[in-house]
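Scroll down for the structure; my scribbles are underneath it.
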Amino acid sequence: MAAPRELLKDALPLVTGDAGLESTVIEARGRRIGGTYFGLVAGPCAVETLEQTLETAHAVAEAGATMLRGGAYKPRTSPYSFQGLGSEGLAILREAREETGLPIVTELLDPRDLEEVAETADVIQIGARNMHNSRLLTEVGRVDRPVLIKRGPGASVDELLLAAESVAKEGNERIVLCERGIKTFEPRTRYTLDLGSVALLKRETHLPVIVDPSHAAGRRDLVPALARAAAAVGADGVLVEVHPRPEEALSDGPQQLRAEEFAAVAEEIAAVARLLGKQIG
Ligand code: PEP
Ligand code: MN
């Protein structure tokens, strides 16, 4: 049963604030998310090769992306699926940053990899599967890197806020929340994008809230519409998967946009963000 609202307010002293509290701005290498800054985070689901990553990085940079996201350590449902390049993938991401100047967002799966991942990541992603992993949350709460927490497909808004509170309590209050779809009875999309919760979060927390339409939809043809809707509902950014040749992707091919598709949607999103008085961060 859901806890009474007032009790949760007491449980969330760091991530909720009085109404009207200014939105926190999270910065990484000069790029910003939150307040009047809208983040355009883009990149491949997984780092597969140097060539694929650099090609994507240059394409999204040219289209106006503010951060490059790619997975080196990949959480996969099947143990037989591509698990990511690990350390080699992190080295590729560093090269992509060197060439484009874009800050890197990449996922941390295991506290044992924290030091290594933090050397490369400008923003550490905690994936949807790990939102409930309190040891991992504690560990990223102790590092000097912004943390992007993705909402679990079965997690409530309050559980997401409690995950953020767990990080903040350790001292790291540079946190971005990400809605990426929840499990519902609807089988036609991979998950159900919960934009209502984004509107709610924007009222309940000062932390920036971004939206991942790619994992929510699971199919590329729906991504532009959901991304525009995310900007319109008041999200502080979007996280979009982009691959130069999605049909060859080793993970999440059906939902990844081609570079030119991302460029088109980036323009539309920027227009919606401007309408709400924001600028691309
Ligand atoms: C990802 O971001 O590539 C990913 C695996 O997504 P999620 O954690 O939202 O499932
Ligand atoms: Mn993915």
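The table below lists the values:
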read-out: Criterion (free of Cβ contacts under 8 Å to residues at least 24 places away in the same chain and of a type in the set (D, E)) met by exactly one of E261, E241, E268, E247; value: E247
read-out: Single match in L226, L239 (criterion: outside any helix (DSSP H, G or I), within 16 Å of ligand 2 (Cβ to nearest atom) and crowded, with 20+ Cβ neighbours inside 10 Å); value: L239
read-out: Single residue of segment 242-260 satisfying the filter (in a helix (DSSP H, G or I) and touching a helix residue (DSSP H, G or I) at 6+ places or on another chain (Cβ under 7 Å)) that is nearest to Y73 (Cα to Cα); value: G253
read-out: Members of segment 182-225 that are within 16 Å of ligand 1 (Cβ to nearest atom), closer than 22 Å to E159 by Cβ and of a type in the set (D, E, K, R); value: K183, R190, D194, D212
read-out: Hits in segment 73-114 - residues which are touching a Leu at 6+ places or on another chain (Cβ under 7 Å), within 13 Å of ligand 1 (Cβ to nearest atom) and closer than 24 Å to R32 by Cβ; value: V105, T106, L108
read-out: Qualifying residue in segment 177-185 (condition: within 16 Å of the chain's Cα centre (by Cα) and over 21 Å from C45 (Cβ atoms)); value: no
read-out: Extreme residue, surrounded by the fewest Cβ atoms within 10 Å (Cβ to Cβ), among residues of segment 37-51 that are farther than 18 Å from V211 by Cβ and more than 15 Å from ligand 1 (Cβ to nearest atom); value: E51
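Yes/no matrix, rows are residues, columns are (1) within 24 Å of I104 (Cβ to Cβ); (2) within 12 Å of ligand 1 (Cβ to nearest atom); (3) in contact with a Gly (Cβ under 9 Å, 6 or more places away or on another chain); (4) assigned to a strand (DSSP E or B):
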{"site": "L137", "(1), (2), (3), (4)": "yes, no, no, no"}
{"site": "R142", "(1), (2), (3), (4)": "yes, no, yes, no"}
{"site": "A155", "(1), (2), (3), (4)": "no, yes, no, no"}
{"site": "D158", "(1), (2), (3), (4)": "no, no, no, no"}
{"site": "A163", "(1), (2), (3), (4)": "yes, no, yes, no"}
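Bear in mind that the values in this text are calculations on the coordinates, not laboratory data. This structure is a prediction, so every number in the text was calculated from the model and none was measured. Cβ sites come from the backbone with ideal geometry, for glycine too, and all protein chains shown count toward neighbours.
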